[in-house]
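Rule-based calculations on the coordinates, nothing more; no lab input. Since we're looking at a predicted model, the values are computed, not measured. We place every Cβ from the backbone using ideal geometry, glycine too, and count neighbours over all the protein chains shown.
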């Protein structure tokens with residue numbers, strides 16, 4: 001086919017293929033143990049699968065309501081009331097989305113206009129900045145402190161300007177496994193008080209938190225909740241990342257605007273899966289044990305690496321573990337991660353890819369949401385490096 005000869009003005013001229021796609025492709029090519037992309041390699045609950053099958057067989061296969069299946073929105077409302085004491089109206093303040101990334105993109109598209117500034121904490125999940133840029137916004141980066149990845153709130157205050165429209169937070173944090181604490185949310189509340197700043201809170205790993213620590217959600221702080229959109233993911237919670245089913249919570253005035261964009265971006269989300277998840281949520285045990293489930297995997301992975309040459313950085317949530325390889329090599333992270341695949345047969349993600357300036361701390365992210373047999377293979381390889 002002859003290529004289009006007209007002028008193309010890219011909205012994302014500096015954006016290439018996602019590092020996750022690059023590393024996954026390399027892992028396939030070299031048949032490496034793939035701990036790069038954040039997806040589990042163990043099965044989805046058989047009970048949940050049967051529920052999906054049930055609703056498919058019973059004819060729930062046409063468009064759902066634009067905001068989402070009513071039963072699922074009601075189940076989410078109950079879940080947040082029971083877990084956090086937060087009250088979200090299922091009719092006017094909860095919307096089902098086609099995965100958290102779509103929810104994030106829609107929220108940014110809704111509230112960020114040309115010239116608006118958005119504060120992003122780095123290292124950052126790689127969808128935030130492109131979504132801001134596609135909306136015509138300007139990204140202002142605040143670097144998290146290495147190696148504990150805490151927020152320096154003095155830096156944040158210095159970055160806020162009259163043009164700041166949004167601050168994006170993420171806890172538990174991808175890629176670092178760090179978390180926000182009560183003092184962080186208190187600082188954010190104080191910083192945004194009396195402003196027009198909207199908070200976009202990425203909480204997709206809310207149930208995957210370790211050491212008995214508490215997930216500090218924006219919904220726990222009424223003043224913050226009044227200006228926040230909270231994004232969650234059933235794909236992360238129920239090991240079904242390919243289902244691309246998530247949710248957004250926001251006060252009615254923000255949700256009204258969010259839905260204006262959502263309806264033309266995707267309109268409705270997978271119907272039988274929504275009904276199935278609604279039924280599955282009736283038993284809170286299906287998600288309340290996630291922290292201990294994944295902490296056991298983290299501990300197994302970390303324990304196996306204690307005699308390796310890697311330095312193990314703390315992980316308090318998510319299913320990611322950062323390893324510092326500065327005792328092993330001075331190579332840049334991308335080169336080291338590529339060599340791990342080609343020479344050793346194991347895939348991770350260079351953390352520099354989560355920085356706009358490719359900051360290099362000699363760290364690689366590995367996903368431990370894997371079967372024990374997969375982790376054993378990974379441990380064996382990493383201990384031989």
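Below is a table of values for the structure above.
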read-out	value
Spin-label model distance (nm) - residue 65 vs residue 87, 7 Å beyond Cα toward Cβ	2.0
Share antiparallel - DSSP beta bridges, the chain, percent rounded to 5	45
Rg and Dmax of the stretch 1-94, Cα atoms only, in Å	21.6, 59
Near-label residues of the stretch 96-133 by backbone N, under 16 Å of a point 7 Å along Cα→Cβ of residue 264	106-114
Most mobile of 252, 50, 143 in a GNM of the chain (Cα contacts under 10 Å)	50
Computed Kirkwood radius, in angstrom, where 1/r is averaged over Cα pairs of the chain	21.7
Sites residue 359 and residue 256 - FRET efficiency at Förster radius 25 Å, r taken between beta-carbons, to 0.05	0.05
Cα gyration tensor category, rounded, prolate or oblate, for the stretch 120-235 with a/c compared to 1.5	rounded
Dimensionless Rg ratio for the stretch 201-341, taking C-alpha atoms and the 2.2 N^0.38 Å reference	1.33
Whole-number percent relative contact order across the chain, with pairs defined as alpha carbons under 8 Å at least 6 apart	24
